[in-house]
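Contents: one structure, followed by commentary.
The values are calculated or read from the model by the stated rules, or taken from the named source; none is laboratory data. Here the structure is a predicted model, which is why all the values come from computation and not from measurement. Positions of Cβ are generated from backbone atoms using ideal geometry, with glycine treated the same way; all protein chains shown enter the neighbour counts.
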Amino acid sequence: MTLLWPDIERSDRQPEGGRTSDMVWISGGTFRMGSNDHYPEEAPVHRVTVDGFWIDRMPVTNRQFKRFVKATRHKTLAEIPPDPRQYPGALPHMLYAGSLVFVPPPPPVDLRDWSQWWTFMKGADWRHPYGPKSNIKGLDDYPVVHVSDALAYAKWAGKDIPTEAEWEFAARGGLDGAEFAWGTEFTPGGAHMANTWQGEFPRQNLNVDGYERTSPVTAFAPNGYGVHDMIGNVWEWTADWYSTKHEVDAPKACCIPQNPRGGCEEASYDPCLPNIRIPRKVLKGGSHLCAPNYCRRYRPAARHAEPIDTSTSHVGFRCVKRTPTAE
C-alpha cells in the first residue's frame, strides 16, 4: 500500500477563495484504479490521473434536498409516472410513480433473484423512503435517497456529479492500492468502519454497527481526506456511463489517462434487456445492504451499473466542484 505515484506531476494546489465549510479539497494525483481481486467489472487495475477538485464532505442530505425542492419545486423521476414509450410491452396499470424499496423476504431465498427483496412501490420517493406511509421526520441528517436525477440538484448548487475516477480517488483517502477506504482489514480490531450488512443477507440483519437501514452521514469516521460515508450507507451516482470493464493499464507513464470519463452511452445499455433502451451509469461505494455473503462492494474499487431512470432506497449522491483548469 502506497500513497501516490511520486513521479507523476500533480495538479494539487488548492485554489484561493474555494469552498471549505461543506466541501473538502482533494489534491490531484495519479493512483491505481480498480481491482483484480474481486468482481470482473472492477478489472483491470490501471493508473489514472485526476486534477484537484472539491468534493462534498458528506452525501447530500434530506435537509439539503428539501431546500433545493423548496427553491425550485423540482419533482424527482420517482414522483412522475413513467413514459409508456420508453417501456414497450408494459401494461398501463404497471406504469405509476414510485421507486424500488428493499423489503426483507421470508426464507428460503435465491440470491440470484434480486426481485425477491426489491419491490417497486407506488408512492415511494425521497419524502417517503420506505413507501407512502413512511416519512423523513427526524431524518434531516440522513442521505437523501430515491433520487436518480441528481444532476438537477448539482446544477442548482453550482456543482457537478463526480466522475468515477474522481470518486474513487477521493474514496481511497490517500491509501493507493488498499482494499478498503481505511486500510487492509474490513473490520480492524472488530470495529465497523461503515454502515454495511451484518448477518445473512437478505433475511438476517444483526445490526452490529447500530443501524438497520441508512444512518446519519457523520455516524462513521471520515477517511484520510476528511470525507464521510464514501463507503456503505448508500451507493452514490457518478457522471460516467457504465462499461463492463476498465481500460488496460498504460504501458508508459506518459500515456496514463488524465481525468478519464469512462465508457460511452451506447455501450452502457443492459444486454439482458434489448427492448428497453435505458442507458446506465456507474454507482460507487456500496450501501448498508452490502454483505459478505452477497455483495462485497464496500470498497473504493467496487462499481455497479444503474439505469438512469431507476431510483432506490439505498442510492444517494454527493457533488464536486472543479477548478476551471480541471473542467
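General observations
- Figure legend. Inter-residue proximity from segment 130-150: first residues farther than 13 Å from residue 66 by Cα and outside any loop (DSSP other than H, G, I, E, B), second residues at pLDDT 95 or above and of a type outside the set (Val, Ile, Thr), beta-carbon distance below 9 Å, spacing 6+ or different chains. Indicated pairs: 150/236; 150/237; 150/316; 150/317; 150/318; 150/319.
- Long-range neighbours under 6 Å by Cβ, at least six apart or interchain, first residue within 11 Å of residue 303 (Cβ to Cβ) within segment 24-50, second in a strand (DSSP E or B) and charged (D, E, K, R): 41/303
- Filter result for residue 177 (under 22 Å from residue 292 (Cα atoms), surrounded by fewer than 21 Cβ atoms within 10 Å (Cβ to Cβ), of a type in the set (Gly, Ala, Ser) and in contact with a Lys or Arg (Cβ under 7 Å, 6 or more places away or on another chain)): yes
- Residues satisfying the stated conditions in segment 186-205, i.e. among the small types (Gly, Ala, Ser) and in contact with a Gly (Cβ under 9 Å, 6 or more places away or on another chain): 194
- Residues being over 17 Å from the mean Cα position of the chain (by Cα), among the aromatic types (Phe, Trp, Tyr) and within 16 Å of residue 285 (Cα to Cα) - total across segment 221-271: 1
- Test result for residue 109, closer than 30 Å to residue 204 by Cβ, part of a loop (DSSP other than H, G, I, E, B), touching a residue at least 60 places away in the same chain (Cβ under 8 Å) and of a type in the set (Val, Ile, Thr): yes
- Residue tally, condition buried (at least 17 other Cβ atoms within 10 Å of the Cβ) and closer than 21 Å to residue 87 by Cβ, over segment 238-274: 4
- Subset of segment 229-272 [charged (D, E, K, R) and in contact (Cβ under 8 Å) with a residue 24 or more places away in the chain]: 229, 236, 240, 245, 247, 249, 261, 265, 270
- Count of segment 234-269 residues which are part of a loop (DSSP other than H, G, I, E, B) and acidic (Asp, Glu): 3
- Count - residues of segment 180-210 that are in a loop (DSSP other than H, G, I, E, B) and buried (at least 20 other Cβ atoms within 10 Å of the Cβ): 10
- Pairs with Cβ under 8 Å, 6+ apart, first in segment 151-178 and in contact (Cβ under 8 Å) with a residue 24 or more places away in the chain and under 11 Å from residue 227 (Cβ atoms), second of a type in the set (Lys, Arg) and part of a strand (DSSP E or B): 167/284; 171/284
- Failed condition for residue 122, given (1) over 20 Å from the mean Cα position of the chain (by Cα); (2) under 27 Å from residue 303 (Cα atoms); (3) at pLDDT 95 or above; (4) not β-branched (Val, Ile, Thr): (2)
- Evaluation of residue 121 against (1) in contact with a helix residue (DSSP H, G or I) (Cβ under 7 Å, 6 or more places away or on another chain); (2) within 17 Å of residue 309 (Cβ to Cβ); (3) of a type outside the set (Gly, Ala, Ser) (one fails), failing number: (1)
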